[in-house]
Amino acid sequence: MSTQQSAIVSLSAWLNTDPGQYARNWEHARFDAMVDNVFGYRALQVGLPELDLLRANRMPFKAFVGPDLPVSAPVNDWAGMVQAEPEFLPFDSESMDLVVLPHTLETADNPHQVLREVDRILVPEGRVVIAGFNPWSLWGLRQRAPLLKPWLPAEVGQQVSLSRLKDWLKLLSFEIELGHFGCYVPPSRTKKWLDRTAFFEAAGDRWWPSCGAVYVVSAVKRVHGMTLLKPNWQTKSLKQGARRAAGVAMQHNSTPTKKSITK
């Protein structure tokens, strides 16, 4: 990051600017589509309490955890809000079916530890949905420009590329299920110019799909080496049936024929 300080420090405040709203609306639509059909009992959002990224999910238990809590909760159907660091999630192992991380890795002191905690609390075949800024985009290049003020808020310590994220997830036995890039527009600070360059979205999806300013990916926790065990009564029944079949065959082969008796 440039040695110059951004005028906006927190990511929450930046998301209320014109470019922040642009990215926020795109991310909300992607999160809604990705969490809509994820089933289970418990879902968790880590970071950005101002956004309800679980609104499209129908799990009975939804909670938030993060280092900062808003004065009033922005949603009505969350079971609770817990103040804690994302590197140390206060939940039992294998207790969550879904976890969403909106730019949580980029704002955390130890993103590797955050992913390890997510891996710990997710049930087998549970899902994590992650949003991040793409360093190989127009916004990423603007952020690294040496003579210009930082484009992203100071809270974003380091942008995590999708290729690096894939490596981290692979080490933890996660399998990426779905992903999207978006926000191809040039870095503009006003809604007027963001709207004027909106045609970049369709062009970006077609011509440079990996250069969107923001990505959202969904990954599944795979547990390798698991073997489904059949009930003992079924195994015993099959063995008994095989023995009876073998006994009948032996009796049939050892029974003398009528011709041999007459001799």
Task: Pairwise label distance in nanometres, LEU148 with TRP208, each label 7 Å out on the Cα-Cβ vector - done: 1.3 nm
Task: Under 5 Å, built H, 5+ apart or other chain: amide partners of ALA63 - done: ALA43, LEU44, GLN45, ALA79
TODO: Return the Cα extents of segment 20-136 along principal axes one, two and three, sorted largest first, each rounded to a whole Å.
DONE: 35, 31, 30
Open item on the list: What is the percent carbon and sulfur in the accessible area of segment 40-146, measuring with a 1.4 Å probe over the protein chains and ignoring ligands?
Closed with: 52 percent
Task: Hz values of 3J(HN,Hα) by residue in segment 163-172 - Karplus curve (6.51, -1.76, 1.60), Gly and Pro given as x - done: 5, 5, 4, 4, 5, 4, 5, 5, 4, 9
Task: Table column - 3J(HN,Hα) (Hz), segment 43-58, Karplus curve with 6.51, -1.76, 1.60, x for Gly and Pro - done: 10, 9, 10, 10, x, 6, x, 5, 9, 9, 8, 10, 5, 8, 8, 10
Task: For segment 92-109, Karplus couplings with θ = phi - 60° (6.51, -1.76, 1.60), whole Hz, Gly/Pro x - done: 5, 5, 6, 10, 10, 9, 8, 10, 10, 10, x, 6, 5, 5, 6, 9, 8, 6
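Keeping every protein chain present and rolling a 1.4 Å probe, give me the accessible area per residue for segment 139-180 in Å².
On the way: 2390 Å² over 42 residues.
It amounts to 57 Å² per residue over segment 139-180.
The values are calculated or read from the model by the stated rules, or taken from the named source; none is laboratory data. Computed from a prediction, not measured in an experiment: that's the story for all the values here. All Cβ positions, even for glycine, are placed from backbone atoms using ideal geometry, and neighbour counts span all protein chains on display. Just the protein is used for accessible areas: all its heavy atoms, side chains included, with ligands, DNA and RNA removed. Shrake-Rupley method; radii C 1.70, N 1.55, O 1.52, S 1.80 Å.
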